[in-house]
Every structure is written in structure tokens, then in C-alpha cells.
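Student: Below is a structure I'd like to ask you about.
The values are calculated or read from the model by the stated rules, or taken from the named source; none is laboratory data. The shown structure was predicted, so the numbers you read here are calculated from the model rather than taken from an experiment. When we count neighbours, we look across all protein chains shown, and the Cβ atoms used for this are built from the backbone with ideal geometry, even at glycine.
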Amino acid sequence: MSQSEFRIGEVAAQAGVSIDTVRYYERRRLLPRVSRTRGGYRLFTQEAIGRIHFIKQAQDIGLSLREISELLLTEGSANECRRVSDLLCKKLTELDERLKMMRDFRQTLAHYLAECKSELQSHGETAACPVIEEIAHTDKREEKKK
């Protein structure tokens, strides 16, 4: 085994995943077939570790393993490049929407926090949580609509 070859446990540790994850990626053909030692151990290259890092990053931004597989299996033709471009545009749009929703929700939480602090400062131990009251009133309004 050379310095540029790694057993599955080493690959998993360096990539920050479990051995089962590496095996799963192999079964899904997200990792290319690798050679084996006479003892039957798989020998991976540094490229496999880089590919696993890419897979995890792609998952983090919301790509499915099927979509990641499509990206990894492309051969670079113009048609494939257009398909990849379309997929990435779609994912960026979805990510932008999720970020907007998160920013909006963050504003809501900040507003609730300010209301709580104000109520506690004004009324101390006799404070009534404005957030719980607001949520309760919202629930009652929703029930009346039904």
C-alpha cells in the first residue's frame, strides 16, 4: 500500500463520514470502483476523499444523491453542461427562497425576543408572556376560520 492509497477506515476518518457512508456511496456508484489488496481490502485514492467532501457539500445545499450522481457522472458535453447549469440554477433559486424564509423568521424571533424583554422589564414577576398570548390568539383566530 502506497502513501497515496487509503483503506476505507482512513477514507471515512479523513472525509468525516462513517465507513457505512463510504460503502453506501460505493453502492450508489457515487465513488468509482477501487482496487483491492490481496487480503481483500479496498484501496482508495485522495480523489475519493475529495469526492466525498463534494458529495457532503452538495447535500448541505440541498442536492439529492440522485442529483449529485448526475453531476458526478457527466462527461462534459455541451448538453450535459446545460443540464448541470439548469440544475444549479434551480438549486440556487431554492436556496435563495430558503434564505429569505430564514431571514423573515429571524425577524419574527427578534421581534418576539424584544417583546419578552420589554414585558419582563416593565412587569417583572407579574409579566405575562406576550409571545404565548400572541400565539394563543393566532390559534383561536385560525379555529374561527374553520
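Student: Among K140, K144, K117, which is modelled with pLDDT of 85 or more, in a helix (DSSP H, G or I) and either farther than 19 Å from V17 by Cα or under 25 Å from the mean Cα position of the chain (by Cα) (or both)? Full working, then the answer.
Tutor: Working: K140 fails: modelled with pLDDT of 85 or more; K144 fails: modelled with pLDDT of 85 or more.
Exactly one residue qualifies, and that residue is K117.
Student: Among the residues of region 21-33, is any touching a residue at least 24 places away in the same chain (Cβ under 8 Å) and surrounded by fewer than 13 Cβ atoms within 10 Å (Cβ to Cβ)?
Tutor: Yes, because at least one residue in region 21-33 is touching a residue at least 24 places away in the same chain (Cβ under 8 Å) and surrounded by fewer than 13 Cβ atoms within 10 Å (Cβ to Cβ).
Student: Quick one: in region 91-100, which of the residues that are under 16 Å from the mean Cα position of the chain (by Cα) and not β-branched (V, I, T) is farthest from Q57 (Cα to Cα)?
Tutor: Taking region 91-100 as the starting set, the residues that turn out to be under 16 Å from the mean Cα position of the chain (by Cα) are 91-99.
Filter once more, keeping what is not β-branched (V, I, T): 91-92, 94-99.
Numbers: K91: 13, L92: 14, E94: 16, L95: 13, D96: 17, E97: 19, R98: 17, L99: 17 Å.
Looking at residues that are under 16 Å from the mean Cα position of the chain (by Cα) and not β-branched (V, I, T), I get E97.
Student: Which of the residues that make up region 44-75 are of a type in the set (A, V, I, L, M) and either at pLDDT below 90 or within 16 Å of L92 (Cβ to Cβ) (or both)?
Tutor: As a first pass, look at region 44-75 and keep what is of a type in the set (A, V, I, L, M): 48-49, 52, 55, 58, 61, 63, 65, 68, 71-73.
A58, I61, L63, I68, L71, L72, L73, listed by residue number.
Student: Would you pick out the residues in region 37-64 that are part of a helix (DSSP H, G or I), surrounded by 13 or more Cβ atoms within 10 Å (Cβ to Cβ) and free of Cβ contacts under 8 Å to residues at least 40 places away in the same chain?
Tutor: So the first thing to find is which residues in region 37-64 are part of a helix (DSSP H, G or I), and the list is 46-60.
Filter again for surrounded by 13 or more Cβ atoms within 10 Å (Cβ to Cβ), leaving 46, 48-49, 51-56, 58-59.
The answer is R51, H53, F54, I55, A58, Q59.
Student: So which residues in region 80-89 are among the charged types (D, E, K, R) and either farther than 14 Å from L63 by Cβ or surrounded by 12 or more Cβ atoms within 10 Å (Cβ to Cβ) (or both)? Write out each step before concluding.
Tutor: Residues of region 80-89 that are among the charged types (D, E, K, R), as a first pass: 80, 82-83, 86.
E80, R82, R83 - these are the residues of region 80-89 that are among the charged types (D, E, K, R) and either farther than 14 Å from L63 by Cβ or surrounded by 12 or more Cβ atoms within 10 Å (Cβ to Cβ) (or both).
Student: Can you work out which of the residues in region 66-79 that are assigned to a helix (DSSP H, G or I) and among the hydrophobic types (A, V, I, L, M, F, W, C) is surrounded by the most Cβ atoms within 10 Å (Cβ to Cβ)? Talk me through it step by step, then tell me what you get.
Tutor: Of all residues in region 66-79, those assigned to a helix (DSSP H, G or I) come to 66-72, 78-79.
Retained after the next criterion (residues that are among the hydrophobic types (A, V, I, L, M, F, W, C)): 68, 71-72, 78.
Numbers: I68: 20, L71: 17, L72: 17, A78: 7.
This residue is I68.
Student: Looking only at region 1-36, count how many residues are assigned to a helix (DSSP H, G or I), of a type in the set (D, E, K, R) and within 25 Å of T74 (Cα to Cα).
Tutor: Here is the first cut: in region 1-36, the residues assigned to a helix (DSSP H, G or I) are 8-15, 19-27.
Next, only the ones that are of a type in the set (D, E, K, R) stay: 10, 20, 23, 26-27.
When the remaining residues are screened for being within 25 Å of T74 (Cα to Cα), the result is 23, 26-27.
Within region 1-36, residues that are assigned to a helix (DSSP H, G or I), of a type in the set (D, E, K, R) and within 25 Å of T74 (Cα to Cα) number 3.
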